[in-house]
Structures are given as C-alpha cells and as structure tokens.
Amino acid sequence: MSMEPKKLVKLRSRVKEHKPVFLRHNWWKHAKFRNKPAWRKPKGTDNKMRLQRKGYPPIVKIGYRGPRAARGLHPSGLIPAWVETLSDFEALDPRWHIVYISGRVGLRKRLMLERYAAEKGFKIANTLIKQAPSLASGVSEKNQGTGAEAG
C-alpha cells in the first residue's frame, strides 16, 4: 500500500461521489421496472443505452471502479479478516486488521473470541457485547439457577 489506509478510504469515497446510479433500461417507463430498478445489462440490437447514445443513462463500465489499493478495505481503513478460532488471530495484526467473527460460531465461543480480541487490541466489526451487554453475563448464569429451587 502506497498511501495511508484512511487516505485510501477518503479517496474511494471521493471517487464514488462521481459514480452515477446504474439503473436498468426503461425503468422510467414501466411500473414493473420502477419497483425493481436494479441494474440489468441492455442487450437489445437497437438499444440506445447499449449503444451509449446521448440522452440515455450510462452503463456500467470498468472506469467507474474504485482505486485498486482501497478495494476490499473496511470503511475504517483496516483489512477485514474472518475469525473462527483463537489460532486465527496469530496471523493478524491489530494495527492493520479488523475482525469479523464467523456466523458459524456459537454464542459461548463467540463471546470468548470477542474477549480475546479485546485483550489483544483488535477492533471487532460485528460485536455482540456492545449491542447486548446482558448476553455476556447471561450465558454463564443461565444454567446455575435451575437446580437450586428444587432443594
């Protein structure tokens, strides 16, 4: 990387400001397209949009792509990394990586991974502890009160 990650993200957002919204051909004419205006490549023989005639919306082209160095970066400027086990952290550096905890991980292991990442100084993009702090304490206390009432 030749530039700082923060500058790269700023450059990417500046480039995106000039990128048009790509909508399918005839989205302005038919209600069925107006409700689902997602991009579809025009393929008709005489399609003016495909021929890039003046007065028709622009089509998707490679030139609208973002800067190569900024592609795939998190908006914070860090490189995203997916984690499933504690050993996955060994190859990562908290200065350059932001952690996503895999969706295949259960709640107990997820909380363990979040605590470990916090100790090592990693930022977590999809954390549960900040969103629901009661979950962190509720998992360990959940099974303790079941047998006490019967005795």
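Read the figures in this text as sums done on the coordinates, not as results from a lab. Keep in mind it's a predicted model, so treat the numbers as computed, not measured. Here the Cβ positions follow ideal geometry from the backbone for every residue, glycine too, while neighbour counts run over all protein chains shown.
Give me the net charge for the shell around K10: Cβ to Cβ below 13 angstrom, other residues only, Lys and Arg +1, Asp and Glu -1.
Net of charged neighbours comes to +3.
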Give me, ordered by chain and number, the residues 5 or more places off R40 or on other chains with an amide H under 5 Å from its own placed amide H.
R24, H25
³J(HN,Hα) across the range 117-128 via Karplus (A = 6.51, B = -1.76, C = 1.60, θ = phi - 60°), whole Hz, x for Gly/Pro?
5, 5, 5, 7, x, 7, 8, 10, 6, 10, 6, 9
When M49, M112 are ranked with the fewest other C-beta atoms within 10 Å first, the list becomes M112, M49
Applying the Karplus parametrisation 6.51 cos²θ - 1.76 cosθ + 1.60 with θ = phi - 60° to the phi angles of the range 74-86, what ³J(HN,Hα) value in whole Hz is obtained for each residue in order, glycine and proline being reported as x?
5, x, 7, x, 9, 8, x, 9, 9, 10, 10, 9, 5
In whole Hz, with x marking every Gly and Pro, tabulate ³J(HN,Hα) for the range 107-116 from phi via Karplus 6.51 cos²θ - 1.76 cosθ + 1.60, θ = phi - 60°.
5, 4, 5, 4, 5, 5, 5, 5, 5, 4
Which part of the range 1-44 falls in the paramagnetic zone of R53, meaning amide N under 16 Å from the point 7 Å along Cα-to-beta-carbon?
25-29, 42-44
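Quote to one decimal, in nm, the extra length available between K120 and Y100 on full extension: 0.36 nm per residue of separation minus the C-alpha distance between them. It would help to have the intermediate numbers written out before the result.
On the way: separation 20, 0.36 × 20 = 7.20 nm, distance 1.46 nm.
Full-extension gain reported as 5.7 nm.
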